[in-house]
Amino acid sequence: MSIQVDHVTKRFGAFTVLNDVSLHVQEGELVALLGPSGCGKTTLLRILAGLERPDDGRIFLHGAEVTDQRISERRVGFVFQHYALFRHMTVADNVAFGLTVLPRAQRPSTTRIQEKVRELLGLVQLQAMADRYPSQLSGGQRQRVALARALAVEPKLLLLDEPFGALDAKVRKELRRWLRRLHDELHITGILVTHDQEEALEVADRVVVMHQGNVEQIGTPDEVYEHPANPFVYRFLGDVNVFHGRVSEARAAVQGNPEEASAGLADGVEEHEVTFVRPHDLELNRSRTNPDQFEATVRYVLSAGSRVRLELIVQSSAQTIEVELTKERYRELDLREGEVVFVHPRHRQVFTIPQS
Amino acid sequence: MNSVTMAADKDVQWKDSLTTESPLVRRLLIAAVFFYLTLFLFIPLAAVFAEALQGGLAAYVESFLNEDALAAIRLTLLVAAVAVPLNALFGVAAAWAIAKFDFVGKQVLITLIDMPLAVSPVISGLIYVLLFGAQGWLGPWLAEHDITILFALPGIVLATIFVTVPFVARELIPLMQSQGREEEEAAITLGASGWQMFMRVTLPNIKWSLLYGVILCNARAMGEFGAVSVVSGHIRGLTNTMPLHVEILYNEYNAVSAFAVASLLTLLAIVTLAAKAIVERNTHSPTIVTDPTSAVQAGSIR
């Protein structure tokens, strides 16, 4: 089911949670709403489900307007961050709930319901847990039950509100791969809310980056990661080194000449330019190989994990920067704390920021 | 080697003494509690039954079988039968509103619900005299329309309802607040109607606390003296509830009958406490359980 969000605004008192948000989701797509907490992503999801009503704007599901439609008529499956399983019902009864509350005329027979529950529990690999209660399951199992329960009513749209937020890192990783496979099997339109950029980039077909009630950028994971539309998106999608200075002085700033950079700023120009470089886009060398390089001192080496992270201090400006190297490159360089290296940005992005 | 284990032993003992009192203090404290309870609770309780049975079993039974006593028992049961269901309904509705919605005046509502507990029951009764009495605000209008509230069943029921308002609501509000709205929202997104959501999700989640509140409310409704005393008018066989009947008998120096009826109320209290204990066991076990068997048991009681 395709989704069209048309200029939706939502306020809670004086606080604007969603500010004129528009969005289109194609049928069968899995889209992630990504942003820091308080950016309005959960509110948007709840508006799509019908749990909240927008103050302005309209919602279309499959081309038909549903802004004023009741939740039960929208046929959406909703998965809550804290599972919201019915604690007094067994796993099987939880999954069957959506079928047993159907009007008698549409309700399947008891045996058909049981069959369906078995199928769904098979899908989420929890057949053995049918007679357990939610309190007897682990977090990951509970969320899978919640997913099976939401799928039981054959929704045309699946809405997931931070579904893996309450789980530990390892389970979270497993579950999101599993969710992606499940989505590929079922071809159901899905919207996933998350504040974890790794999760969004890994699972979603497209990512909607939100900030303070606004959509900052919409694009495929590659697009938003490789070509962030603005400094917020750049910062939110990964670690970053920031160099201040106007564009003509950007190189000077990167080279670490603060005098030149600030001289450029002093001539009354209202715009300010910043250069963003990801830690893995900084190249280190022991000797000068390129005029673009600047000198820095190694302060700290963190070699745990698959990549080595270094903290360097730019000699001319005393700014701290972060560099990420592969293990091999690190061994090649054989760097020690306190040594001086030449740094060169392989890839950079410059943004213009209005000076406040 | 030996000295090491001894040191360890000493260590354990030392840690122990940090968190628990010495055996002597422990025994003294327990003894003090029992002494206190015996003096102020068990002896008076025993005295009620001893006094009631002083004239023999026949006199004891006779105390209930006379018309006035039977009328008092009937009236008490009737009042409770009206007041308790009404307050149960009100309690669920109020707790629902407070826990699941945000609205202006929520704190005021919570405070208002607690008010009957803070006000002396006599004053609760006087409020109704002020309202419905011959010189009260609504008195003349009521007299004109030939409606009797004071010194009759409606007044007694109203006073009892007023006094017992908080019991169910107070049990449910914190529980429903802690349970949040997510399960209800989940039910709605799964297509349940409002009624289905309430019957199949909300009610099962609150049933033990609701029952607990109802038990307390019932005990208070049957035992209420002050408020009812003010509005009842003490008409024998007509507007006397059991506690009022006890008072009248006692004032007439009919100790045996007074204590016999009192023993009935005492029995009610004991039954209430037992029921409360059973319900309490259930309220605290089903939601968060580590032992699977107990979870299954708690869950299977529907």
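Please state the charge dipole magnitude for region B:88-195, taken about the Cα centre, from unit charges on C-beta atoms (+1 on K and R, -1 on D and E), reported in debye and rounded to the nearest 20.
Details: 4 positive and 9 negative charges, 40 e Å.
Approximately 200 debye in magnitude.
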Reachable lysines, given that their alpha-carbon falls under 28 Å from the alpha-carbon of B:Lys276 and they are not under 8 places away in the same chain: B:Lys100, B:Lys207
Quickly work out the A:Arg181-to-B:Ala277 label distance, labels modelled 7 Å from Cα along the C-beta direction, and quote it in nm with one decimal. 5.4
Find me the longest stretch of chain B that has none of the exposed GluC sites (Glu not before Pro), where exposed means in a DSSP loop (not H, G, I, E or B) with at most 11 other Cβ atoms within 10 Å. B:22-251
Give me the distance in nm between label points sitting 7 Å out from Cα along the Cα-to-Cβ direction at B:Arg181 and A:Ser37, one decimal. 1.9
How much mean residue ellipticity at 222 nm does chain A get from its helices, if each DSSP H run of length 4 or more adds -39500 (n - 2.57) and you divide by all residues, to the nearest 500 deg cm²/dmol? -9000 deg cm²/dmol
Exposed chymotrypsin sites (Phe, Trp or Tyr not before Pro) absent - longest run of chain B, DSSP non-H/G/I/E/B, at most 14 other C-beta within 10 Å: B:138-252
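Please give the net charge around B:Ala260, taking every other residue with its beta carbon less than 12 angstrom from that of B:Ala260, where Lys and Arg add +1 and Asp and Glu add -1. Display every interim value, and only then the final one.
Numbers: positive: none; negative: B:Glu51, B:Glu62.
Taking every other residue near B:Ala260 into account, the sum is -2.
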Relative contact order, percent, region B:23-151 [alpha-carbon distance under 8 Å, six or more residues apart]: 7
Within 10 Å of each residue's Cβ, count the other Cβ atoms and sort B:Val157, B:Val119, B:Val48 from fewest upward. B:Val119, B:Val48, B:Val157
Take the alpha carbon gyration tensor of region A:108-174, find the square roots of its eigenvalues, order them as a ≥ b ≥ c, and report rounded if a/c is under 1.5; if not, report prolate when a/b exceeds b/c, else oblate. oblate
With the crude spin-label approximation of a point 7 Å out along Cα→Cβ, what separation in nm comes out for A:Glu65 versus A:Asp239? 5.0
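If you take the beta carbon distance between A:Ala304 and A:Arg11 as r and set R0 to 51 Å, what does 1/(1 + (r/R0)^6) give as a FRET efficiency, to the nearest 0.05? Could the numbers behind the result be given before it?
Values: r = 46 Å, r/R0 = 0.90.
With a Förster radius of 51 Å, E is 0.65.
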Please find, in a Gaussian network model of chain A (springs between Cα atoms separated by less than 10 Å), the residue of A:Leu23, A:Leu237, A:Leu201 whose mean-square fluctuation is greatest. A:Leu23
Can you give me the Cα centroid spacing of region A:282-304 and region B:23-45 in angstrom? 78
Which value in deg cm²/dmol, rounded to the nearest 500, describes the helix-derived mean residue ellipticity at 222 nm for chain B, given -39,500 (n - 2.57) per DSSP H run of n ≥ 4 and division by the residue count? -25000 deg cm²/dmol
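Any chance you could tell me what percent of the C-alpha pair distances in region A:1-94 go past 18 Å? Walk me through the intermediate numbers first.
Values: 2186 of 4371 pairs.
Every Cα pair in region A:1-94 considered, those over 18 Å come to 50 percent.
Shape of chain B from its Cα gyration tensor (a ≥ b ≥ c, root eigenvalues): rounded if a/c is under 1.5, otherwise prolate when a/b > b/c, or oblate? Numbers along the way, then the final one.
Values: a/c = 2.27, a/b = 1.27, b/c = 1.78.
Because a/c hits 1.5 or more and a/b fails to exceed b/c, chain B counts as oblate.
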Just want to confirm a number: the relative contact order over region A:8-149, from Cα pairs under 8 angstrom separated by 6+ residues, in percent. 20
Which lysines, if any, have their Cα less than 25 Å from the Cα of A:Lys116, not counting same-chain residues under 8 positions apart? A:Lys156
For region B:46-174, what class follows from the C-alpha gyration tensor (a ≥ b ≥ c being the square roots of its eigenvalues): rounded when a/c is under 1.5, otherwise prolate if a/b is larger than b/c, else oblate? oblate
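Are there any trypsin sites (Lys or Arg not before Pro) in region A:305-356 that are in a DSSP loop and have at most 11 other Cβ atoms within 10 Å? List them by number.
On the way: sites: A:Arg307, A:Arg309, A:Lys327, A:Arg329, A:Arg331, A:Arg336, A:Arg346, A:Arg348; in loops: A:Arg336, A:Arg346, A:Arg348.
When the trypsin sites (Lys or Arg not before Pro) of region A:305-356 are filtered for loop state and at most 11 Cβ neighbours within 10 Å, A:Arg336, A:Arg346 remain.
So for chain B, averaging the separation of alpha carbon pairs under 8 Å that are six or more residues apart and normalising by length, what relative contact order in percent results? Provide the component values of the computation, followed by the final result.
On the way: 329 pairs, mean separation 81.0, N = 302.
Normalised by residue count, the contact order of chain B is 27 percent.
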Pick from A:Leu85, A:Leu335, A:Leu33: which residue has the top mean-square fluctuation in a GNM of chain A where Cα pairs under 10 Å get a spring? A:Leu335
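Read-outs: derived from the displayed coordinates by stated rules, not from any lab. Keep in mind the model is a prediction, meaning the values are calculated, not measured. A quick note on method: Cβ atoms are made from the backbone with ideal geometry, for glycine too, and the neighbour counts reach across all protein chains shown.
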